[in-house]
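What follows draws every value from the coordinates through simple rules; no lab data is involved. Not measured: the values here are computed from a predicted model. So basically every Cβ, Gly included, is an ideal-geometry build from the backbone, and we count neighbours across all protein chains shown.
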Amino acid sequence: MAGRAAALLVAVLGAGAAGLSLEPVVWHTGNRRFLEAGGYVLYPQIGDRLDLVCPGGAGYEYYKLYLVGGVQARRCQVPPAPTLLLTCDRPQRDVRFTIKFQEFSPNLWGHEFRRQHDYYIITTSDGTPEGLENRQGGACLTRAMRVTLRVGQRPGAEPPPDQDGTGSANQTSPPGPGPPPARGGAELWGAGGGAALLALGGAGGALWWRRRPRRPPKTPRGGGGAGPTRPRPHGPGPAHPLRELPLPPAAPPPTYYKV
């Protein structure tokens, strides 16, 4: 039974990892797909790969490509902390960046996508070295150089409703009020386990304190320290306990004689 379950798991993971290599997006004004009615729209599925290519050679164009949300894509504007995908600033050769559409990335810096969500790639550069760092307008506005990625969807299907008021997520991490279930469980277990260990340690410390062996009280020395001391003798010789001493005999009454 365990062997069949393991084989099924491997098959599912293999099916999810095996995807298609989509047609590369050549980021150049010579690419006529940017001028299509409705814009440059792709429908990647989870497991697919997509290459962004800046062709080198004569007529090189300088761009920075960003992954943004719906509001930024419509305004052709880059957010204050943008997700930079590719910098095209090497005219002597082709520059390429590969996007893998996956819901969970084993890489700390990898991008994560969700099904039924839209993502956008834009450039606010104008194609010249001087305009490479532009954060608004650029070729996105003047040449419609932006790409819409409708992850997990099919052509002709109704687009998903806005998830965060922007039409898409502004980052590639899965949007929502909290982390994915697979990670959230680990975080919750870590927090609960830490609290339980802390409480257990406190209870064990209190029990040990109650059952610890008690030491006899120390007898203070006569030279220092506060506390009661034994009475010191007055004069030489050892000290004796207090006791009542006998009174001396009374003197005889005086005798009177006649002269």
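Taking amide H positions as modeled 1.01 Å from N, with prolines and chain starts lacking one, the residues under 5 Å from CYS88 and 5 or more places away or on another chain are TYR63, LYS64, LEU65. The calculated FRET efficiency for ALA157 paired with ALA81, based on their beta-carbon distance and R0 = 30 Å, is about 0.40. Couplings 3J(HN,Hα) of region 41-49, computed from phi: 10, 10, 10, x, 10, 4, x, 6, 10 Hz, in residue order, whole Hz [Karplus 6.51 cos²θ - 1.76 cosθ + 1.60, θ = phi - 60°; x for Gly and Pro].
What is the dipole size for region 17-174, taken about its Cα centre, with +1 at each Lys and Arg Cβ and -1 at each Asp and Glu Cβ, in debye to the nearest 20? Present the calculation step by step, with values, prior to reporting the outcome.
Values: 17 positive and 16 negative charges, 27 e Å.
Approximately 120 debye in magnitude.
The calculated FRET efficiency for the pair LEU141 and LEU108, based on their C-beta separation and a Förster distance of 41 Å, comes to about 0.75.
Applied to region 61-77, the Karplus parametrisation 6.51 cos²θ - 1.76 cosθ + 1.60 on θ = phi - 60° returns per-residue 3J(HN,Hα) values of 10, 9, 9, 10, 9, 10, 9, 10, x, x, 5, 5, 5, 6, 8, 6, 9 Hz, with x for Gly and Pro.
On a full-extension model of 0.36 nm per residue, what is the gain between ASP94 and ARG49, subtracting their alpha-carbon distance, rounded to one decimal in nm?
That pair, ASP94 and ARG49, stretches by 14.4 nm at full extension.
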